[in-house]
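What follows is calculated from the coordinates using simple rules that are stated; it is not laboratory data. As the structure is a computational prediction, the values presented were derived from the model and not from experiment. All Cβ positions, even for glycine, are placed from backbone atoms using ideal geometry, and neighbour counts span all protein chains on display.
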Amino acid sequence: MEDLGLKIFGAILTTILGFTVGMTYGGIVRKLTARVQNRYGPPFYQNFLDLLKLQVKKTNIAHGFMGHMAPVWIIIAAVTVLLFIPILNGNLWFPNMSFHGDLIFLLYMMVFGSLGMALGAGQSGNPNSAIGVSRGLSQMVGFEIPFVLSLVALMIQYETTSVQELTQIQHETGVWNAISNPFAFLAALFASLGMFRYSPFDIVGAPAELASGPVSEFGGKYLGTMMSGGAIFAFIKLTLYVHLFLGGAGNPDNTGIIATLLGLGVLLIKTFTLYMVPVFYGWINPRYRTEQAIQYFWRWPTALGIIGVIWAVYS
Amino acid sequence: MINDKDSQKIVDYIQNFARKQSLFVMAYGTGCGAIEIPATMTSRYDAERFGIRGAATPRQADVLLITGYLATKTLKRVIRVYEQMQEPKYVIGFGSCTINGGMYFDSYNTINALEQYIPVDVYINGCMPRPESVISGFVKLQELIQQGKADNGKKYRENLEWYRTNQKKIIKNWKMPDYNW
Ligand code: SF4
């Protein structure tokens, strides 16, 4: 019984952590982008204010049942995936269900949110949404291939599909997967460019061209809920990457309060550094067209992924 | 406890603070004043530090900017955009043209006073207003929001008859869907 209580407490804590960190990172990126463009920029907590404003809008319009369900779907998918990811390796406070979910399951679940978005956007009947959805799915076909190849490489190399075991192996040997299989890491890094949808891969939102694409008919609470879901998803992807390739965070042998805080600090540093890769790449690039984006992913990143698999087989 | 006056005041204060610090702007580039919007948003004047940010569609927007003269044809689109926006929504009239017609006061195909057709919260005068005055207009709007005085969506709903009569005087072929905003 006590165990269950601790689990529920951990789940709530994890959700709050993912939400806060995701939103804050978004705000910091807005501030940094402004500084790069020689502006002063909004405060780093601007995203929270935006969210609060959207949630206290007086009228909210939905276009039918799926339009109503889409944000709910996204947030459900986000929280579910978050709970299946080990936040800190073997920690008592963030136990979650990380042991039960493996990489293949995560791969499926991570698409779930986008699917909800696609259905909701479809019902709004706005042509911009339909174009945005088709672009988003095409782009996903692009970046999923190098991403899956890099995961397959890891699975072959260590003969396991469990995220936790992969982290544990890195913890025991002291060698990060990013070093033991650099090609797989590079392929995954390229895939992350598409995943985070910063320029040049912001073809889905494309404010000037598609009027923000799939979300163009969503306002008020609906948009706010989608924003929070997106923030959690950003945190999920970063944490997953850190655990798969960058040695993870947290010490399974020591789960005291100080060690936990230290682990969280390490996690934040690693995720933030990783987050800066797509952001930096975005600052210096304009937008691709859809077919250019797909071609981009199917050339070097895919080649690197295949090399990574071969490396894993023969190493 | 929930319904007593003071706690409602605190809730209002927090809500209004969030509303004023995060304004999603739908910049409707009707007239020549639209050229000042990029200057206001980019590095020199940087409106984003006040939480002002462009919105791509009316559904997401809080503020409708009417930047200058409004042709009778455009009025129809402006009304559609305004009615699609979600409350609380604010309108800023930009330039002399929206106040009294400006230099187009006797033109056959522009409207003279924007107020007759949709409720306006803040006017920024000048032909055309510089980014400084645009920002001061936004600051004025933020003050109104904080005091809870900017609630013109409600005013529009309550006086719909009057606004519709005025609008129909200008738009002869009225074929518009009804919105359940
Ligand atoms: S007020 Fe002046 S600058 Fe603005 S739209 Fe009218 S004529 Fe153009």
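Points to keep in mind about this one:
- For chain A, the fraction of alpha-carbon pairs in successive 20 Å shells from zero, as %: 31, 60, 9, 0
- Cross-linked pairs B:89/B:175; B:89/B:169; B:89/B:140; A:53/B:5; B:5/B:89; B:73/B:169: Cα-Cα separations exceed 20 Å for B:89/B:175; B:89/B:169; A:53/B:5; B:5/B:89.
- Dipole moment magnitude, nearest 20 debye, chain B about Cα centre, only Lys, Arg, Asp, Glu C-beta charged: 540
- Take each residue in A:32-39, count the other chain C-beta atoms within 10 Å of its C-beta, and the mean is 3.
- Percent RCO, i.e. relative contact order, over region B:5-170, from Cα pairs under 8 Å lying at least 6 residues apart: 23
- Within the shell defined by Cβ-Cβ distances under 10 Å, the residues around residue B:52 carry a net charge of -1, with Lys and Arg each +1 and Asp and Glu each -1.
- Normalised by the number of residues in region A:2-313, the mean separation of alpha-carbon contacts (under 8 Å, six or more apart) gives a relative contact order of 28 percent.
- Based on the reciprocal of the average 1/r between different C-alpha atoms, the Kirkwood radius for region A:160-205 equals 12.3 Å.
- Partner chain coverage, peptide A:56-63 - average Cβ within 10 angstrom: 5
- Over region B:5-170: Rg over Rh, Cα atoms, Kirkwood Rh: 0.97
- Counting Cβ atoms of other protein chains within 10 Å of each residue's Cβ and taking the mean over peptide A:211-223 gives 4.
- Projecting the Cα atoms of A:285, A:137, A:231 onto the charge dipole of the protein assembly as shown, computed from C-beta unit charges around the Cα centre, puts A:285 farthest toward the positive end.
- CD proxy at 222 nm, helix term only [per DSSP H run n ≥ 4: -39500 (n - 2.57); per residue of chain A; nearest 500]: -24500 deg cm²/dmol
- Ranked list, fewest to most other Cβ atoms within 10 Å of each Cβ, for B:77, B:19: B:77, B:19
- Peptides A:50-60, B:60-70, B:163-173, A:74-84 ordered by average Cβ neighbours within 10 Å, highest first: B:60-70, A:74-84, A:50-60, B:163-173
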